[in-house]
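The values are calculated or read from the model by the stated rules, or taken from the named source; none is laboratory data. Remember, it's a predicted structure, so these values are computed and weren't measured experimentally. Glycine also receives a Cβ, built like all others from the backbone with ideal geometry; neighbour counts cover every protein chain displayed. When the accessible area is computed, the model is the full protein with side chains, heavy atoms only, and any ligands, DNA or RNA have been set aside. Shrake-Rupley method; radii C 1.70, N 1.55, O 1.52, S 1.80 Å.
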Amino acid sequence: MGGDHGPSVTIAAAISFVRREPEAELILVGLEQVIRAELKKNQADDHPRLSVVHATEQITMDDPLEVALRRKKDSSMRVAIELVKSGAAHASVSAGNTAALMAVSRYVLKTMDGVDRPAICSILPNQKDGPTYMLDLGANVDCEPHHLHQFAVMGSVLVSAMEGIERPTIGLLNVGTEDIKGNDVVKQTAKLLQADHARGVLNFYGNVEGNDIFKGTTDIVVCDGFVGNVTLKAVEGLARLVKDVMGTEFRRNALTMAGALLAKGALTAISNRLNPSRYNGASLLGLRGLVFKSHGGADAYSYEWAIRRAFDAAKNDVQAHLTTMIADLMPRGAGNLADAAASSATASKSSTI
């Protein structure tokens, strides 16, 4: 029921996805009468792999957290997440209020042992024609070093499970690659990650800059939610600007239109690679269940990609990998974090970062 466009987008995307993916079964959660009307409109009201679960309420984009958590206990968002908790669904996808989704998910599912805060993780394209995983993208605006450290652990586990990379490389987003650059939070986080690298727990590359995200310098880029969300929105805006400018210029006159016709194949490939819709669908890492967040303004094509991300995560049994590996990798308590930071000065001298 969420997002800027509601069921007209989410249900169209769901119908398209189950028609493409024969193994998928989708549960549509929300106002049953509205959902069934939309299914009928799209001639899918009797589809065998689409079922409906009624929820009497919906969380709006303007609802404060108190309303989402305490007053709307039968919201479509909460009912969907309850289905994940009960095992009736392997994953939940929502385009609704991000803060509410995080709060409700955390309240219903709880966080994994050793995880203080869940993080939003998504992928961005890079020059190596592969994905760069980036987190946090907005869940945690103010972070301490141990939070960023936990994000690195969770990101490493996710990439290992999704991409089959045994030791994915981790970059810490900074204003420069030198160790002396950055604020105190970033510097202290680097020490924690250097200690893990020395012990062979994580594959820490070192500090990376914004352009490294798209170079594909590392498999994972770690930052706080403030920086991550600003970066994500800027990238989305730039991608749409480039697409708009190219379209305008190629339609400027007969000669440029002829050039566009000759370059149609290449232009289509460029558009596909840089289309932000293809990268929609961010995972809420650190919860005891799979929850994926779609961009609120997503169209049906974009929302279908969010469903694809959730389906692939469930199919690859990401939650089991996360549970097992985070239990092994995640530091326990402030004492462990302090020990790791204290030993990092010695460890980093003999380590290749």
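Brief remarks follow.
- Contour excess over end-to-end distance, with Cα ends at ALA260 and LEU238 and 0.36 nm allotted per residue: 5.8 nm
- Note on the chain: with a GNM built from Cα contacts shorter than 10 Å, the maximum mean-square fluctuation among ARG278, ARG288, ARG71 falls on ARG71.
- Taken over region 162-309, the ratio of Cα radius of gyration to 2.2 N^0.38 Å equals 1.31.
- Among 160-171, 109-120, the order from most to least packed when residues are scored by Cβ within 10 Å on average: 109-120, 160-171
- Partners of LYS264 within straight-line reach, counting lysines whose Cα lies under 22 Å from its Cα and excluding those fewer than 8 residues away in the same chain: LYS243.
- Whole-number percent relative contact order across the chain, with pairs defined as alpha carbons under 8 Å at least 6 apart: 23 percent
- Kirkwood estimate for region 182-258, i.e. one over the average of 1/r between Cα atoms, Å: 15.6 Å
- Counting protein heavy atoms only, region 14-100 has 46 percent of its accessible area on carbon and sulfur, 1.4 angstrom probe.
- In terms of packing, defined here as the mean over residues of other Cβ atoms within 10 angstrom, the peptides 4-15, 185-196, 249-260 line up highest first as 185-196, 4-15, 249-260.
- Amide H within-cut-off set for VAL29, under 5 Å, with H built and near neighbours excluded: VAL53
- Phi-based couplings in Hz for region 286-295 (Karplus 6.51, -1.76, 1.60; Gly and Pro marked x): x, 8, 8, x, 8, 10, 10, 10, 8, 4
- Antiparallel bridges, percent of DSSP beta bridges restricted to the chain (to nearest 5): 35 percent
- Helix-only arithmetic for the chain: the sum of -39500 (n - 2.57) across DSSP H runs with n ≥ 4, divided by the residue total, places the mean residue ellipticity at 222 nm at -16500 deg cm²/dmol.
- With semi-axes defined as the square roots of five times the eigenvalues of the C-alpha gyration tensor, the equivalent ellipsoid of region 68-115 measures 16, 14, 10 Å, largest first.
- Space enclosed by the convex hull of the alpha-carbon atoms of region 216-297, per residue, Å³: 132 Å³
- The orientation-averaged projected area of the convex hull spanned by the Cα atoms of region 287-333 comes to 4.2 nm².
- The chain - accessible surface per residue (Å², probe 1.4 Å): 49 Å²
- Identified option (computed semi-axes √(5λ) of the Cα gyration tensor in Å; candidates [x] 35, 28, 17; [y] 55, 25, 14; [z] 41, 23, 19): [x]
- Counting protein heavy atoms only, region 148-221 has 47 percent of its accessible area on carbon and sulfur, 1.4 angstrom probe.
- For region 1-94, the Cα-based Rg and Dmax, in that order, read 13.2, 39 Å.
- Length, then width, then depth: along the principal axes, the Cα atoms of region 90-205 run 39, 33, 26 Å.
- Within a straight-line Cα-Cα reach of under 14 Å, LYS110 can be paired with the following aspartates and glutamates, leaving aside sequence neighbours fewer than 8 residues apart in one chain: GLU82.
- Relative contact order (%) - region 1-114, alpha-carbon pairs under 8 angstrom, separation at least six: 27 percent
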